[in-house]
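Shown next, in structure tokens, is the structure this report addresses.
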Amino acid sequence: MITGLDHVLITAPKGHEAEARAFFAEFLGMVELQKPDKLSTLNGVWFGMPDGRQLHTLTAEPFTPSKRARVCLRVKDLDLFAEMAENEGHLLEWDGRTDARRVFLPDPWGNRLEIVEGEHVAVALEE
């Protein structure tokens, strides 16, 4: 029945929209999307990715950053991404526990993001 993943939503503190635009649009290069008319009065910002999937932000009060649950974003060249991130002052945590090359970095509010080079290899369980 499920045909794919449409979007993910991350929470952020009240008044986060300018920081969201600076981080997701300016730093990560995502495109800001217009919200549907019926949702235009909601806080938060919507961003699009090249594959059509979306990332949405929404205020949570009280806000607590997510340190374990996370969004995983793909890049073609992790070394290039890491260099760019470090040049911008972002702290990366390299992780070698999977076959995929990946790093973790916090968003502006402390939510943990995962950045993976290429794709994770997924093998279905046999019944």
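None of the figures in this text is laboratory data; all of them are computed from the coordinates on show. Predicted model, so just to flag it, every value in this text is computed and none were measured. Cβ atoms come from the backbone with ideal geometry, glycine included; neighbour counts cover every protein chain shown.
Please give me the summed charge of the neighbours of GLU119: other residues whose Cβ is under 13 Å from its Cβ, Lys and Arg +1, Asp and Glu -1. Walk me through the numbers before you get to the answer.
On the way: positive: ARG74, LYS76, ARG101, ARG102; negative: ASP51, ASP99, GLU114, GLU117.
Within the 13 Å Cβ shell, the charges total 0.
What does the charge count around ASP79 come to, taking other residues whose C-beta lies under 9 Å from its C-beta (Lys +1, Arg +1, Asp -1, Glu -1)? Numbers along the way, then the final one.
Values: positive: ARG101; negative: ASP77, GLU83, GLU117.
Spelling it out: positives minus negatives among the neighbours equals -2.
Mind telling me which of GLU86, GLU114, GLU32 comes out most flexible in a GNM of the chain, alpha-carbon contacts under 10 Å?
Its mean-square fluctuation being the largest, the pick is GLU86.
By count of other Cβ within 10 Å, fewest leading, how are VAL31, VAL103, VAL123 ordered?
Working: VAL31 12, VAL103 20, VAL123 5.
Placing the least packed residue first, the sequence is VAL123, VAL31, VAL103.
Give the lysines reachable from LYS76 as a straight Cα distance under 24 Å; neighbours fewer than 8 places away on the same chain don't count.
none
Hey, of (1) 73, 39, 20; (2) 43, 43, 28; (3) 51, 36, 31, which did the structure itself give for Cα extents along the principal axes in Å when calculated?
Computed from the coordinates, Cα extents along the principal axes in Å corresponds to (2).
Take each of the peptides 15-22, 91-98, average the number of other beta-carbon atoms within 10 Å over its residues, and list them starting from the highest.
On the way: 15-22: 15.5, 91-98: 10.4.
In descending order of packing, they fall as 15-22, 91-98.
For the chain, give the share of DSSP beta bridges that are antiparallel, in percent and rounded to the nearest 5; count only bridges with both residues there.
In the chain, DSSP labels about 55 percent of beta bridges as antiparallel.
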